[in-house]
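To start, the structure itself, in structure tokens.
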Amino acid sequence: MSNKLIFELSSDGRTGYRFPDLDVPAAPLEESVSTSLLRNSKPELPEVSEVDIIRHYTSLAKRNFGVDAGFYPLGSCTMKYNPKINEDVGGFSGFTSIHPLQSEESVQGYLEMLYETIKSLSEITGMKWGTLQPYAGAHGEFTGMKLFKSYFKKKGDKKRTKILVPTSAHGTNPASARISGFQVEEITADERGLVSIENLKEHLSDEVAGIMLTNPNTLGLFEKDIIEIARLVHEAGGLLYYDGANMNAIMGKVRPGDMGFDVIHLNLHKTMSTPHGGGGPGAGPVFVSDRLIDFLPAPDVGKDGDRYYFDYDKPHTMGRVSGFYGNMAVLVRAYTYIITMGSDGLQKASEYAVLNANYLKEKLKTTYHLYYDTVCMHEFVLSAKKMKEEFGISALDIAKGLLDYGVHPPTIYFPLIVPEAMMIEPTETESKETLDSFVDAMLEIYKTAKENPEILHEAPLNTAVRRVDEVLAAKHPILKWKPE
Ligand SMILES: Cc1ncc(COP(=O)(O)O)c(C=O)c1O
């Protein structure tokens, strides 16, 4: 594979195109373009042949890693396989050729798809109704926090300015609460890795607007006391927000609505197998209980007899959170997944996600330190703390080592409450053979850590780019070629 930049492949005068001969009189450039816009020198673009450019981009494409390329156990992110039928349906011209300003009469099929998606997801989550407008999980969280605000505003309750967030929460939870104007207070975890009821009780007051939780939590553990938590928060006058990022573990088994939640967002790019590219744009629809239905963003999607329409008649709405109506291309793919899987299929998906995670956990826990040694849901967290103390090998070294085995590393250093955390989520579609080869890779890495730790400090050894400075690469990436 060539490591050369396209500019380095350039050779003066080489082209990858040939235009047909001109069959009309040539118009002088000065007559068609204002001279002030004409450049004085040739642009410095690479000059390459067609085969050069094809090889260049093919070699770049081969360096991409995705679920279609290999195992991707990135905990919390649920990098699950996206069935190709989602792409087929997403590509239907009836969906790709419509315009957001078309009349409702001409897009009845599209409106029906939106309506049915809200209906199905409301049923799956046990909520009353929802909106498909938000573009990501964090956007859904922001919408949810604004729903809380609208609710307390209508009640005339100005005192409730605090949101409680467990220590294991995803960083977007406190950030969304804060950006919506709430103060954030942290609730500690107990020795089980679950919300400490004692600590929760100490924080509840008439200043608390609510709590943000994910269940299973980010340690992959089911919050067994959720009914009690919901009772305590509601009795104190607060609301419950459910971060639906971990819904992949419980579809068809238990519903956030039945657990007592008032608002939930779903990350369709996790649970409903839609594309996940580069952090968005995705879809983070929000669903609500009876209490909050009047405040949902406008427009809503309504049905009158056989006719579907956008409903703007919502006097208490929190306002809109999307320019038109959400990320249609992603919503169609999620709807396709729901109807092709059916309720049995979704339930099976969660069962296999949990089974696969427990299989890996049991295989790895005798070698790696399992922080909370209990049955997990769809993911679990190992800690490299002891390996760091004994062999000087960190979670980062293990993650880099895995790259040499053609595996995407797990999420590392999250959740924050586990030192040297490695959060592994295999997802439901992986075969036993794939899981076993991951176990083999992890066991070999452990052996290397013990016998030849310097190899892991150098890893990855077989990738196009070796160990990069993570902070510099994220904050100051060099994405532009400059002539010398
Ligand atoms: C538990 C949890 N909550 C919230 C989010 C935020 O979702 P998004 O990336 O769609 O904004 C994530 C994303 O990974 C997550 O894992």
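The values are calculated or read from the model by the stated rules, or taken from the named source; none is laboratory data. Quick caveat, the model's predicted, so the values are computed rather than measured. Cβ placement follows ideal geometry from the backbone for every residue including glycine, while neighbour counts extend to all protein chains displayed.
When the stretch 316-338 is filtered for residues that are surrounded by fewer than 23 Cβ atoms within 10 Å (Cβ to Cβ) and at positive phi, only 319 remains.
So that you can scan it fast, the table gives a plain yes or no per residue for (1) more than 22 Å from residue 94 (Cα to Cα); (2) assigned by TED's automatic domain parsing to the domain that holds residue 248; (3) modelled with pLDDT of 95 or more:
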| site | (1), (2), (3) |
| --- | --- |
| 293 | yes, yes, yes |
| 296 | yes, yes, yes |
| 300 | no, yes, yes |
| 303 | no, yes, yes |
| 307 | no, yes, yes |
| 312 | yes, yes, yes |
| 323 | no, yes, no |
| 328 | no, yes, no |
| 331 | no, yes, yes |
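If you go through the stretch 63-117 and keep only what is of a type in the set (Ser, Thr, Tyr), in contact with a helix residue (DSSP H, G or I) (Cβ under 9 Å, 6 or more places away or on another chain) and part of a loop (DSSP other than H, G, I, E, B), you end up with 76, 78. Here the condition is being in a loop (DSSP other than H, G, I, E, B) and surrounded by 23 or more Cβ atoms within 10 Å (Cβ to Cβ); of 418, 375, it holds for 418 alone.
Considering only residues in the stretch 229-288 that are more than 22 Å from residue 209 (Cα to Cα) and β-branched (Val, Ile, Thr), the one that is farthest from the ligand (Cβ to nearest atom) turns out to be 254.
Taken as a whole, the condition of being crowded, with 17+ Cβ neighbours inside 10 Å, in a loop (DSSP other than H, G, I, E, B), modelled with pLDDT of 95 or more and of a type outside the set (S, T, N, Q) does not apply to residue 341.
Name the residue, out of 150, 176, that is more than 21 Å from residue 418 (Cβ to Cβ), surrounded by fewer than 21 Cβ atoms within 10 Å (Cβ to Cβ) and in contact (Cβ under 8 Å) with a residue 24 or more places away in the chain.
Exactly one residue qualifies, and that residue is 150.
Count of the stretch 432-484 residues, restricted to those that are over 26 Å from residue 358 (Cβ atoms), among the acidic types (Asp, Glu) and assigned to a helix (DSSP H, G or I), is 4.
Look at the stretch 421-442: where a residue is touching a residue at least 24 places away in the same chain (Cβ under 8 Å), no partner that is assigned to a strand (DSSP E or B) and surrounded by fewer than 16 Cβ atoms within 10 Å (Cβ to Cβ) sits 6+ places away or on another chain with Cβ atoms under 7 Å. Each residue in the stretch 108-129 was checked for being away from the ligand (no atom under 16 Å from the Cβ) and closer than 17 Å to residue 292 by Cβ, and 6 of them qualify. Screening residue 366 on (1) out of contact with any strand residue (DSSP E or B) (no Cβ under 8 Å at 6 or more places or on another chain); (2) assigned to a loop (DSSP other than H, G, I, E, B); (3) touching a residue at least 24 places away in the same chain (Cβ under 8 Å) shows it passes everything except condition (3).
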